[in-house]
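> First the structure, then my questions, so here it is.
The values are calculated or read from the model by the stated rules, or taken from the named source; none is laboratory data. Please read all numbers here as calculations on a predicted model, not as lab measurements. Every residue, glycine among them, receives a Cβ derived from its backbone with ideal geometry; neighbour counts consider all protein chains shown.
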Amino acid sequence: MALAWAPGAALVTFDRPDALNAVDARALTDLETVVARLEADDETAVVVLTGAGRAFVGGGDIAHMAALTPDEGERFVHRGQAVLRRLERLPQITVAAINGFALGGGLEIALACDLRVAAESAELGLPEVTVGLIPGWGGTQRLVRLAGRGVAKDLVFTGRRLAAREALELGVVNRVVHDDALLETCRELAARIRRASPIAVRQAKKAIDEGAELSLDQGLVLEAEAWLVNFCAPDRVEGLRAFVEKRRPVYRGRHAAKG
C-alpha cells in the first residue's frame, strides 16, 4: 500500500495489482498503519483512495480466507470492521476513486468513505454469497444506509455486479467520469473541499455522520452544537469578511481560544 502526500491532501493506493489488490492479513495491517497516520495528521484535509492496475480493491483474498480457521476468521472479520470504522471516522474527507473492480471488501472500503467517484469501466458488487459467505466488513449495514434496503438486498442476495452508471442511478456512487479523468476529477474535488473552512468541513461531517444515527430532534441539537463551534471560530470572521470584500478567504483552521 502506497501513501503519497501533497499540500493538504493524501493519496492512498492499494498496490497488489497482480492480485487485483485483494485484501489479506498483510494488507489489513498496511491499512491499519495508514489510518493511524491519518488519525494523527492535523494538516491533511482530504484523502483519496484508489487502486493500482485494473482494480480498486477486488475483494478479500480468497486463498487467504480459505486457509483460515474459524478463530482466525473471527479475528479477520473483526479487524476489517474495526479498521473501516476508523476509516469512516477520520477527521479528513475521504474520497474513493474507484478505478476498476470494487467487489466484496473493496466495495465495503469504498462505502466507508465519504464520497465515491467511479470510472466508467468500474464494476461494483457484494458477491460473497456466491462463495458461501456474506459481506462482513459493513456491506450489509452501510449499503442499506446509503442506498436503501431494497438495493442492498438485491445486490447481496444475488451477488450481481453493478456497472458504474447503474451504481450512480442507485445512489451507490456520487459521480461517474471517463477512466482517464478519474484521478484529476478527484484532485479537483479535493481542491474544492480544501478551499472551504477546515473547521466547517469537519464539523459538517460530524453533524451528518453522527446525526444519521440519532432522532431528528437529537440531530438538530448536534447540528446546533457544530454550528456554534464554527460561529465562534476565527474562520467564520474571515469567511464573512472575505465575502463582503469580494475576495477569496484565507482560512487558518483554528478553533476559538478558550477562556
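To keep it simple, each residue is scored yes or no on (1) among the aromatic types (Phe, Trp, Tyr); (2) modelled with pLDDT of 95 or more; (3) loosely packed, with under 13 Cβ neighbours inside 10 Å.
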{"position": "Phe157", "(1), (2), (3)": "yes, yes, yes"}
{"position": "Ala164", "(1), (2), (3)": "no, yes, no"}
{"position": "Leu170", "(1), (2), (3)": "no, yes, no"}
{"position": "Asn174", "(1), (2), (3)": "no, yes, no"}
{"position": "Asp179", "(1), (2), (3)": "no, yes, no"}
{"position": "Thr185", "(1), (2), (3)": "no, yes, no"}
{"position": "Ala200", "(1), (2), (3)": "no, no, no"}
{"position": "Ile208", "(1), (2), (3)": "no, yes, no"}
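> So Leu133 passes all but one of these: (1) hydrophobic (A, V, I, L, M, F, W, C); (2) within 16 Å of Gly59 (Cα to Cα); (3) under 13 Å from the mean Cα position of the chain (by Cα). Which condition number does it fail?
(3)
> Give the range 39-68 a look and list any residue that's surrounded by fewer than 18 Cβ atoms within 10 Å (Cβ to Cβ), within 29 Å of Arg192 (Cα to Cα) and aliphatic (A, V, I, L, M), or say none.
Within the range 39-68, Ala40 is the sole residue that qualifies.
Per-residue answers, yes or no, for (1) assigned by TED's automatic domain parsing to the domain that holds Asp41; (2) surrounded by fewer than 12 Cβ atoms within 10 Å (Cβ to Cβ); (3) of a type in the set (A, V, I, L, M, F, W, C):
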{"position": "Gln203", "(1), (2), (3)": "no, no, no"}
{"position": "Ser215", "(1), (2), (3)": "no, yes, no"}
{"position": "Leu228", "(1), (2), (3)": "no, no, yes"}
{"position": "Gly239", "(1), (2), (3)": "no, no, no"}
